[in-house]
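Read through the structure below, which is laid out as structure tokens, and then see the notes.
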Amino acid sequence: MNQYEFLAPCHFGLESVLKKEITDLGYEIKQVEDGRILFAGDETAFARANIFLRTTERILLKVGKFRAESFDELFEGTKAIPWENYIPKGGKFWVAKATSIKSKVFSPSDIQSIMKKAIVERLKQVYKIEWFPEDGESYPIRVTFMKDEVTIGIDTSGESLHKRGYRKYASKAPITETLAAALIMVTPWKYDRILVDPFCGSGTIPIEAAMIGANIAPGINRSFLAENWKLVQKKNWYQAIEEANDVRKKDIEMTIQGYDIDGEIVKAARQNAALADVEDYIHFQQRPLSELSSSKKYGFIITNPPYGERLEEKEALPALYKEIGKTYANLDAWSMFLITSYEDAIKYIGRKEDKNRKIYNGMLKTYFYQFMGPRPPKRNNIANEV
């Protein structure tokens with residue numbers, strides 16, 4: 001079976017989570033960069049990486065890497081790539097995204113048009129045709145310039161992989177599904193431990209936790225661009241879906257709870273959980289943070305509290321984060337993990353975090369504060385009601 005190289009982008013600061021996921025799938029890591037992992041895989045990776053990976057935004061088939069300090073070098077380097085190995089005569093191809101960082105060539109629109117011309121020139125010579133109908137499958141191309149090094153990939157995913165298909169109803173500032181999954185996977189939470197998100201919004205963190213706990217593949221209910229490519233045999237997609245159904249844990253119990261003070265949002269969270277087929281694992285409630293209490297030990301809070309984008313919200317933050325600290329202090333032997341861009345979060349929570357991971361959520365710098373509770377004794381199964 002042919003070997004290919006793939007690029008998997010992720011949030012800055014969470015590369016280690018994605019690296020472990022790819023290794024667990026059985027593929028070889030070639031390189032770890034800021035916000036991106038290069039890995040090698042056979043033909044099965046087109047389907048399995050798209051269907052199983054929780055923390056990447058998309059899977060790109062890497063087709064070329066070269067140095068270019070001018071548009072001429074970009075043209076020649078692009079033309080030298082064997083595009084005929086990937087794009088058939090009727091394929092629809094375009095440079096969907098061009099990113100340039102610390103490079104001499106930096107105009108995205110010029111990069112896009114020059115690369116398109118170069119690909120057309122190459123395919124004209126190979127296919128011996130002057131005009132391309134582009135009425136077949138889509139092959140969107142993405143290119144990144146980093147210090148004049150050009151990396152080119154073809155997008156196999158289509159819509160971003162954070163679009164699992166279950167989030168029909170969103171709250172005001174939702175966390176993406178890929179980021180939520182990565183944050184949960186950074187923690188030591190396992191499905192037999194209580195998990196509460198007291199600012200659950202449309203339910204993304206509880207839903208992703210339930211999917212992780214039940215081992216539900218995140219891409220099982222959606223489609224991908226590469227499904228109809230001639231490059232990948234259909235059987236790979238069928239086998240990956242079959243594998244996903246086989247590894248799902250059917251008979252497990254979990255105690256996952258989501259609270260929000262907005263009743264409409266709670267209703268939306270329930271609907272999203274039903275679409276994700278995890279409604280049986282999660283209890284959503286309209287409830288303020290102040291009502292979070294539990295006599296059980298060793299639970300987890302994993303949450304994305306308000307950051308205060310607007311001025312009136314900012315004024316409420318000190319009291320809110322004090323409330324978070326007070327609530328957490330009253331929970332016996334619990335762990336708490338929260339992501340926020342609020343610089344004074346720790347000051348008002350009132351205790352020093354055990355770990356702090358800096359994560360870029362888009363262009364927004366956030367902090368993932370980790371307060372570690374003790375480990376439970378091994379004998380007990382403690383998935384009980386809060």
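The values are calculated or read from the model by the stated rules, or taken from the named source; none is laboratory data. Everything numeric here is computed off the predicted structure, so don't read it as measured data. Because the Cβ atoms are built from the backbone with ideal geometry, glycine has one as well, and the counts that use them run over all protein chains shown. Side chains included, ligands, DNA and RNA excluded: accessible areas come from the protein's heavy atoms. Shrake-Rupley method; radii C 1.70, N 1.55, O 1.52, S 1.80 Å.
General remarks:
- Net charge of Cβ neighbours under 13 Å - reference V32; Lys, Arg +1; Asp, Glu -1: -1
- Rounded to whole Hz, the Karplus (6.51, -1.76, 1.60) HN-Hα couplings of segment 325-332, x for glycine and proline: x, 5, 4, 5, 4, 8, 9, 7
- Near the amide H of G258, within less than 5 Å, lie the amide hydrogens of D197, H283, F284, Q285, all on another chain or at least 5 residues away, with H placed in the peptide plane.
- Whole-Å distance, taken between Cα centres, linking segment 53-101 and segment 225-273: 30
- Carbon plus sulfur fraction of accessible area for segment 104-144, probe 1.4 Å, in percent: 54
- Label point at K378 placed 7 Å out along Cα→Cβ; residues across segment 158-201 whose backbone nitrogen lies under 19 Å: 188-193
- Counted charge near G158, where neighbours are those whose Cβ lies closer than 10 Å (Asp, Glu -1; Lys, Arg +1): 0
- Each of [x] 74, 45, 37; [y] 57, 56, 48; [z] 55, 52, 49 is a candidate for Cα extents along the principal axes in Å; the one calculated from this structure is [x].
- Cross-link partners of K20 among lysines, defined as those whose alpha carbon lies under 16 angstrom from its own and excluding same-chain residues fewer than eight positions apart: K30.
- Taken one residue at a time, the phi angles of segment 35-41 give Karplus couplings (6.51, -1.76, 1.60, θ = phi - 60°) of x, 6, 10, 9, 9, 10, x Hz. Gly and Pro are set to x.
- Computed over segment 1-117, the percent of Cα pairs more than 18 Å apart is 57.
- Computed lengthening from E315 to K147, 0.36 nm per intervening residue step minus Cα-Cα distance: 56.3 nm
- Relative contact order (%) - the chain, alpha-carbon pairs under 8 angstrom, separation at least six: 15
- Loop sites in segment 224-264: GluC sites (Glu not before Pro), DSSP, at most 13 other Cβ within 10 Å: E253
- Rounded accessible area per residue of segment 85-166, 1.4 Å, Å²: 48
- In segment 214-317, trypsin sites (Lys or Arg not before Pro) in a DSSP loop with at most 15 other beta-carbon atoms within 10 Å: K230, R248, K249, K250, R310
- Counting Lys and Arg as +1 and Asp and Glu as -1 over every other residue whose Cβ lies under 12 Å from the Cβ of E149, the net charge comes to +1.
- Loop sites in segment 1-107: trypsin sites (Lys or Arg not before Pro), DSSP, at most 11 other Cβ within 10 Å: K102
- Expressed in Å, the radius of gyration and Dmax of the Cα atoms of segment 43-168 are 15.4, 46.
- Take the Cα radius of gyration of segment 286-355 and divide it by 2.2 N^0.38 Å, N being the number of residues; the result is 1.11.
- Under a Gaussian network description of the chain, with springs only between Cα atoms under 10 Å, the residue in S290, S341, S138 that fluctuates furthest is S290.
- Debye-sum result for segment 118-213 in log10 I(q)/I(0), which assumes one identical scatterer on each alpha carbon, at q = 0.16 Å⁻¹: -0.83
- Taking 0.36 nm per residue of separation and subtracting the current Cα-Cα distance, fully stretching the chain between Y127 and S295 would add 53.4 nm.
- In the chain, helical runs assigned H by DSSP with n ≥ 4 each contribute -39500 (n - 2.57); averaged across all residues and rounded to the nearest 500, the mean residue ellipticity at 222 nm is -9500 deg cm²/dmol.
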